[in-house]
1. Of the residues 189, 120, only one is in a helix (DSSP H, G or I), closer than 20 Å to residue 59 by Cα and within 20 Å of the chain's Cα centre (by Cα); which?
2. What are the residues in region 217-233 that are in a loop (DSSP other than H, G, I, E, B) and in contact (Cβ under 8 Å) with a residue 24 or more places away in the chain, if any?
3. For residue 139, are the conditions met, namely being in contact with a strand residue (DSSP E or B) (Cβ under 6 Å, 6 or more places away or on another chain) and either crowded, with 22+ Cβ neighbours inside 10 Å or modelled with pLDDT under 95 (or both)?
4. Looking at (1) outside the structural domain of residue 132 (by TED's automatic domain parsing); (2) in contact with a strand residue (DSSP E or B) (Cβ under 7 Å, 6 or more places away or on another chain), can you tell me which one residue 172 breaks?
5. Restricting attention to region 330-347, which residues are in contact with a helix residue (DSSP H, G or I) (Cβ under 8 Å, 6 or more places away or on another chain) and in a loop (DSSP other than H, G, I, E, B)?
6. Quick one: would you say residue 72 is closer than 21 Å to residue 272 by Cβ, modelled with pLDDT under 95 and either surrounded by fewer than 16 Cβ atoms within 10 Å (Cβ to Cβ) or not assigned by TED's automatic domain parsing to the domain that holds residue 330 (or both)?
7. Based on what the data block shows, is residue 256 touching a strand residue (DSSP E or B) at 6+ places or on another chain (Cβ under 6 Å), part of a helix (DSSP H, G or I) and either in contact (Cβ under 8 Å) with a residue 12 or more places away in the chain or in the same structural domain as residue 128 (by TED's automatic domain parsing) (or both)?
8. Would you pick out the residues in region 295-324 that are touching a helix residue (DSSP H, G or I) at 6+ places or on another chain (Cβ under 8 Å), more than 19 Å from residue 40 (Cα to Cα) and modelled with pLDDT under 90?
């Protein structure tokens, strides 16, 4: 990474390793703008600069060398959402087309990831771009020699170099995001991503992947009263829990429902990326999750609520610093918990669902967002 990135930027760069986990002293030591970005999920690279004696974020970058079809691309969406929602521009570098490693099939990039990026820009007024990881004539990745990162002389990375340079220049302005939005490269990349996002049909609730083929992914827009009635009829426990539903949820006339087959198992992928996309693409009109046209419901019909309760019980028993009391080894994260509780330090799938889902329906229970 260091060798590759040092070839992309001309400035003097100091490299710091991001913590692997959110429940460590290293995480508690992070500047607030970094921990805010890492709240939902971790991008590969966060770039910042010193200005007027303060360290300020420039942008985050995520590298995705996977085949770029719908679910693979959207697994990275929560990383862009986390960055953009804190006012930090974001870039995802992913192939436009790639052959799978076995060589059998070739996949084109889903328009969904580009449409999601456009919606992020529309809502948060912050630059969010999808750039191409180059491939050769046989659709295998083209990497910079001696690295696992994209060829530097490719069009996508040339655009990244230009964008980073303008980020550095714009950071001198107190109105960073506004200043950046006026740059030529930003307007060019914005026009390009809008064109890509809207190609062959805009993604919609009936066809969330976009394009001219019907998506195999199922989303339903339902009447909120009807879905609440359906939940209540599952069991006496479901009914009792429905009686506690917050009014901001019951007051929304309609709800958008998607159907994950797991919540925390296997790190929740790919659904923890998809829920962020469904939120931004189809329910949000404002920066807060309260600013939604529809409730966002995860209908995990065949999943037990123990997927969440067991994870949180293990967290409380083994990780939460309040369980063991303060000592010299956990003092930093203990102090961090006094401020933030376990909001940012619990497991990633629980963090994301707790932040984004209004309702999670299980076969043996239901959870409502308190927020």
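1. Among 189, 120, only 120 is in a helix (DSSP H, G or I), closer than 20 Å to residue 59 by Cα and within 20 Å of the chain's Cα centre (by Cα).
2. 217, 218
3. Taking the combined requirement at face value, the residue does not satisfy it.
4. (1)
5. If the condition is that a residue be in contact with a helix residue (DSSP H, G or I) (Cβ under 8 Å, 6 or more places away or on another chain) and in a loop (DSSP other than H, G, I, E, B), then 330, 342, 343, 344, 345, 346, 347 are the ones that fit.
6. Yes: the conditions hold for residue 72.
7. On the way: touching a strand residue (DSSP E or B) at 6+ places or on another chain (Cβ under 6 Å): yes; part of a helix (DSSP H, G or I): no; either in contact (Cβ under 8 Å) with a residue 12 or more places away in the chain or in the same structural domain as residue 128 (by TED's automatic domain parsing) (or both): yes.
It is false that residue 256 is touching a strand residue (DSSP E or B) at 6+ places or on another chain (Cβ under 6 Å), part of a helix (DSSP H, G or I) and either in contact (Cβ under 8 Å) with a residue 12 or more places away in the chain or in the same structural domain as residue 128 (by TED's automatic domain parsing) (or both).
8. 316, 317, 321, 322, 323
The values are calculated or read from the model by the stated rules, or taken from the named source; none is laboratory data. The model shown is predicted, which means the values in this text are computed figures rather than measured ones. Reconstructed Cβ throughout: ideal geometry from the backbone, glycine too, with neighbour counts over all protein chains shown.
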